[in-house]
Structures are given as C-alpha cells and as structure tokens.
Amino acid sequence: MRVSLIISTYNKPEYLCHCLQSITELKELPDEIIVADDGSGKETTQVIEQFRVQLPIPLIHSWQEDEGFRLARSRNNGLINSTGDYIIFIDDDLILHPKFITDHRRYAEQGYFYCGSRVRLGLRITASIMKTHRNIVSFWESDIYSRLSALRIPFLHQIITGPGYTYKRLRGCHMAFWKSDLININGFDEQYTSWGREDSDIAMRMMHSGVKRINLKWAAICYHLYHRIEQADSQNDQLLFETIRNKTIVASIGIKQH
C-alpha cells in the first residue's frame with residue numbers, strides 16, 4: 001500500500017522543522033509527505049524547501065490563504081493532493097519515533113481507522129529537545145505526561161487494543177484512514193471554522209459509515225511538543241452533537257465541494 005503522511009501546520013516553523021527532521025530519521029519512510037498549510041508565512045516555506053532537498057520522497061506544500069481558522073479545509077486540501085491508499089494525519093508539533101511508519105504499515109487493515117496516542121512533553125523537556133533534537137523519549141524520563149504511551153510493545157497492541165465507539169479521548173493530531181473511506185464520507189467537514197471537534201466529527205461519521213475505530217496503543221509512538229492547549233468553541237460542540245444525534249455520515253462541506 002502507498003502511505004501518505006499529511007502534516008497540518010500554521011505559522012510554527014520551528015516545530016515543523018523538528019517534525020520533518022524526525023521524519024528524515026525514520027526506519028521506513030512514507031511514500032510522500034504533504035504539508036497542509038493553513039496560510040503560514042515565508043518562514044514555513046523556507047523550512048519545507050530545506051527538507052525537500054534532504055528527503056528521497058516527494059514533499060508537497062499544500063497552502064491556502066490565511067482567512068482565519070480553516071484546519072478542516074486545509075486537511076481536505078492535503079487529502080486531495082495525496083496519492084496514497086492509506087493516509088496518516090499528524091500535526092506539526094509531533095516528533096515521530098523511528099518506527100512510526102513501520103508500525104502503521106504493519107497494523108493497517110481495511111475496515112478500520114486508527115486513533116493514535118502521543119506522549120505529552122512538558123515545557124522543560126520540550127525546550128531541551130528543541131535545542132538538541134532527538135526522536136526517542138524514555139518512559140523513565142521526567143517532565144513527560146501520558147507516560148504509558150512512551151512504551152512501544154507491539155504484541156500488546158494486538159492483544160489488548162480493540163475497537164472503540166466514542167469520540168472521547170480522541171486526538172486529531174494523530175489519526176489514520178484508508179483514502180477510499182475518507183472519500184466515502186466527504187473528508188473533513190469544513191463547517192468547523194474555529195478550534196476543536198473537527199477530529200471527533202470525522203471519527204463519528206466514519207463509525208456511522210461502518211468503519212470501526214482502533215486505538216493504536218504502544219505502537220506508532222510520537223511525542224507532542226509543549227504548547228498552550230486551546231478550548232473547543234461551543235459552536236463546534238453543537239455541530240458535533242448534531243452529527244452524533246443525526247448519525248451523519250457525509251460532511252456537508254467537504255472534498256466533493258472543491
């Protein structure tokens with residue numbers, strides 16, 4: 001299968017730089033990388049150009065005008081530009097474990113989509129990593145959260161992890177889908193024009209369509225660089241509740257509208 005890695009970004013060139021650096025150090029690369037950019041400035045373009053010459057695979061910059069928060073539309077742009085069968089979405093503030101893609105290739109099965117976990121890094125360790133750069137953080141280190149997610153135990157993933165049926169404890173910063181399933185539900189819903197819930201929305205619509213959710217634990221590890229956490233907009237909460245109540249499958253405004 002062809003794997004596309006889509007990285008969402010907006011004006012965080014230093015974070016994106018560390019994310020891309022970790023990708024150059026992967027044991028197995030995706031078939032292409034697409035930076036889905038919600039209107040960043042020239043510094044982000046410079047980072048992408050820097051890594052384009054380092055990587056032996058296509059690195060595509062999918063950019064749209066900065067017209068406010070349009071993450072869903074930006075991700076749809078990345079999806080439209082992708083050529084992979086299996087699409088992994090991550091955010092620019094993640095550092096990937098060397099076997100991140102290896103694990104995704106190993107566990108991807110038709111009929112499922114995957115919600116990955118991440119190790120949350122505190123302010124101190126984030127500052128240290130951004131000075132020296134490394135792509136593995138030990139379970140035993142201090143100033144980390146979601147500590148169990150730092151363990152890579154693939155055989156436990158297969159034994160313990162089963163389908164989930166809720167939008168709770170889901171993180172859009174690390175999700176993976178079969179492209180055909182994304183096309184079937186019309187991609188991300190572009191009604192979400194402020195922070196939060198667009199990831200929960202796509203997960204619920206995917207489950208309504210019959211695709212089961214798998215929580216990808218103890219495999220495909222990634223580390224989340226520290227930054228302030230936003231709060232979901234109440235309007236987005238309402239949109240999500242409508243999706244759940246109506247058992248919506250197809251996004252009102254998605255890739256078919258492009």
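The values are calculated or read from the model by the stated rules, or taken from the named source; none is laboratory data. Here the structure is a predicted model, which means the values were calculated and not measured. Don't worry about glycine lacking a Cβ; one is built from the backbone with ideal geometry, like all the others, and counts go over all protein chains shown.
Can you go through Gly210, Gly254 and tell me which one is on the phi > 0 side of the Ramachandran plot and not aromatic (Phe, Trp, Tyr)?
Unique residue meeting the criteria: Gly210.
Just a yes or no: is a residue in region 176-185 among the β-branched types (Val, Ile, Thr), surrounded by 13 or more Cβ atoms within 10 Å (Cβ to Cβ) and modelled with pLDDT of 90 or more?
Yes.
Confirm whether Thr45 is more than 27 Å from Asn184 (Cα to Cα) and in a helix (DSSP H, G or I).
Against the criterion (more than 27 Å from Asn184 (Cα to Cα) and in a helix (DSSP H, G or I)), Thr45 qualifies.
Among (1) under 18 Å from the mean Cα position of the chain (by Cα); (2) over 21 Å from Gly196 (Cα atoms); (3) surrounded by 18 or more Cβ atoms within 10 Å (Cβ to Cβ); (4) of a type in the set (A, V, I, L, M, F, W, C), where does Phe51 come up short?
Answer for Phe51: the failing condition is (1).
Mind telling me which of the residues Arg205, Arg245 ends up being out of contact with any Phe, Trp or Tyr (no Cβ under 8 Å at 6 or more places or on another chain), basic (Lys, Arg), buried (at least 22 other Cβ atoms within 10 Å of the Cβ) and part of a helix (DSSP H, G or I)?
Going through Arg205, Arg245 in turn, just one is out of contact with any Phe, Trp or Tyr (no Cβ under 8 Å at 6 or more places or on another chain), basic (Lys, Arg), buried (at least 22 other Cβ atoms within 10 Å of the Cβ) and part of a helix (DSSP H, G or I): Arg205.
Sort out which residues of region 85-102 are within 15 Å of the chain's Cα centre (by Cα) and over 21 Å from Ile129 (Cα atoms), and write them in order of number.
Scanning region 85-102 gives Tyr86, Ile87, Ile88, Phe89, Ile101.
Can you tell me which residue is surrounded by the most Cβ atoms within 10 Å (Cβ to Cβ) among those in region 1-33 that are in contact with a Gly (Cβ under 7 Å, 6 or more places away or on another chain) and more than 18 Å from Ala108 (Cβ to Cβ)?
Tyr10
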